[in-house]
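Accompanying notes for the structure given below.
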Amino acid sequence: MKVIVAGFSKTGTKTMQAALTDLGYNVYDFMENFEFLEKEWKQICMVGGSTELFRKMYENVDAVTDLPGCAFWDEILKAFPDAKIILTMRDNEEQWWQSLLKQHEQNTSLLLKILFTISPTGRRLQQHGSRIMNAIVGQEMTPSTKVLNESLFKMAYRRHNAHVLQNAPNDQLLVFNFKDGWEPLCKFLGVPVPDTPFHHKNKKGSITKEMLQTNNIALKIQREAMVVAAVSGVLAAIGLYKGISLARTVNWEDMFTTLSSLFKK
């Protein structure tokens with residue numbers, strides 16, 4: 001582990017993931033932590049995790065971004081004390097909150113609600129996210145969450161940033177805004193500045209649509225949903241066929257006569 005991106009979600013973490021990937025780092029973001037470390041994070045959120053566990057989790061990973069890793073940056077640092085720490089931040093708290101609301105609006109679409117309901121992997125991902133958000137914020141943030149508690153989320157954001165600023169070693173910390181671009185990031189990491197434009201990922205929650213088209217887990221969820229829908233359609237057709245077949249064997253005239261006599265009584 002070389003780089004711990006300690007910035008909270010919606011502070012440019014997807015942009016940082018893309019930037020670090022361009023610089024040659026093997027990066028674990030939220031989806032990679034779910035895909036490869038789901039069991040470990042379940043343990044950490046439920047009962048806690050040791051330094052040795054974090055070392056084992058990330059021994060072959062160069063960088064970690066976004067939740068859940070950012071919330072446990074200090075535990076990861078214990079396992080990798082020479083790692084550099086990047087605190088991504090927004091211009092102000094309200095800007096961060098509005099960005100979070102926009103993301104939540106995208107995540108609560110009818111399509112995602114259906115996918116997360118009928119796909120086994122989708123249900124697991126929703127449970128994974130719920131455990132993390134309940135542990136860190138005190139409220140889950142899933143496609144079925146109607147309203148986010150502004151006070152809880154803002155307190156969590158404020159508390160997190162203060163904890164990083166007060167406890168991260170100054171000579172290992174970079175406070176970064178994605179508007180800063182390549183220069184300060186590359187200088188901090190000691191790598192050459194690329195000749196490509198700096199990324200700006202997840203504008204207005206657009207990452208949801210992008211992930212549905214490209215992310216392995218998101219594609220798996222969609223495949224599972226299509227299989228479930230197809231099987232349900234076949235079962236419904238079989239049920240309809242059996243119902244029609246049964247109806248053909250019924251003597252409806254006798255049935256109506258019997259029912260009529262019962263009502264007359």
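The values are calculated or read from the model by the stated rules, or taken from the named source; none is laboratory data. Fair warning: this is a prediction, and the values are worked out from it, not measured in the lab. Cβ coordinates were reconstructed from backbone atoms using ideal geometry, including for glycine residues, and neighbour counts include every protein chain displayed.
When the range 127-174 is filtered for residues that are touching a helix residue (DSSP H, G or I) at 6+ places or on another chain (Cβ under 8 Å), of a type in the set (A, V, I, L, M) and in contact (Cβ under 8 Å) with a residue 24 or more places away in the chain, the ones remaining, listed by number, are ILE132, ALA135, ILE136, MET141, LEU148, ALA156, VAL164, ALA168, LEU173, LEU174.
Among the residues of the range 26-55, those that are touching a Leu at 6+ places or on another chain (Cβ under 8 Å) and under 29 Å from ASP195 (Cβ atoms) comprise VAL27, TYR28.
Within the range 55-98, the residues that satisfy the criterion of being more than 20 Å from PHE178 (Cα to Cα) and in contact with a Ser or Thr (Cβ under 6 Å, 6 or more places away or on another chain) are LYS78, ALA79. Summed over the range 149-172, residues that are surrounded by fewer than 18 Cβ atoms within 10 Å (Cβ to Cβ) and not polar (S, T, N, Q) total 11.
Of all residues in the range 26-45, none satisfies the criterion of being crowded, with 19+ Cβ neighbours inside 10 Å, of a type in the set (S, T, N, Q) and out of contact with any strand residue (DSSP E or B) (no Cβ under 9 Å at 6 or more places or on another chain).
I'm trying to understand the selection: among the residues of the range 71-107, which are among the aromatic types (Phe, Trp, Tyr) and either part of a strand (DSSP E or B) or touching a residue at least 40 places away in the same chain (Cβ under 8 Å) (or both)? Answer for the range 71-107, where residues must be among the aromatic types (Phe, Trp, Tyr) and either part of a strand (DSSP E or B) or touching a residue at least 40 places away in the same chain (Cβ under 8 Å) (or both): TRP73, PHE80, TRP96, TRP97. Report whether or not SER144 is under 22 Å from the mean Cα position of the chain (by Cα), in a helix (DSSP H, G or I) and among the hydroxyl-bearing types (Ser, Thr, Tyr). In short, no. Inspect all residues belonging to the range 35-44 and state whether any of them is in contact with a Phe, Trp or Tyr (Cβ under 6 Å, 6 or more places away or on another chain) and either of a type in the set (A, V, I, L, M, F, W, C) or assigned to a helix (DSSP H, G or I) (or both). Within the range 35-44 (the criterion being in contact with a Phe, Trp or Tyr (Cβ under 6 Å, 6 or more places away or on another chain) and either of a type in the set (A, V, I, L, M, F, W, C) or assigned to a helix (DSSP H, G or I) (or both)), the answer is no, since none of the residues qualifies. If you check SER119 against the conditions, is it surrounded by 20 or more Cβ atoms within 10 Å (Cβ to Cβ), touching an Asp or Glu at 6+ places or on another chain (Cβ under 6 Å) and modelled with pLDDT under 95? Yes; evaluated as a whole, the condition is true for this residue.
I'd like the residue in the range 10-25 that is small (Gly, Ala, Ser) and crowded, with 24+ Cβ neighbours inside 10 Å and, out of all such residues, is farthest from HIS199 (Cα to Cα). Selected residue: GLY12. Would you mind finding the one in GLU52, GLU75, GLU40, GLU35 that is in contact with a Gly (Cβ under 8 Å, 6 or more places away or on another chain) and more than 22 Å from VAL164 (Cβ to Cβ)? Among GLU52, GLU75, GLU40, GLU35, only GLU40 is in contact with a Gly (Cβ under 8 Å, 6 or more places away or on another chain) and more than 22 Å from VAL164 (Cβ to Cβ).
Step by step: first the residues of the range 108-119, then only those that are in a helix (DSSP H, G or I) and out of contact with any helix residue (DSSP H, G or I) (no Cβ under 6 Å at 6 or more places or on another chain), then the one that is nearest to LYS10 (Cα to Cα). Which residue is that? Ranking the candidates gives LEU112 first. Checked against the criterion of being of a type in the set (A, V, I, L, M) and modelled with pLDDT of 95 or more, the range 100-107 contains not a single residue that satisfies it. Looking at the range 51-82, which of the residues that are among the β-branched types (Val, Ile, Thr) and under 23 Å from VAL137 (Cα atoms) is surrounded by the fewest Cβ atoms within 10 Å (Cβ to Cβ)? That would be THR51.
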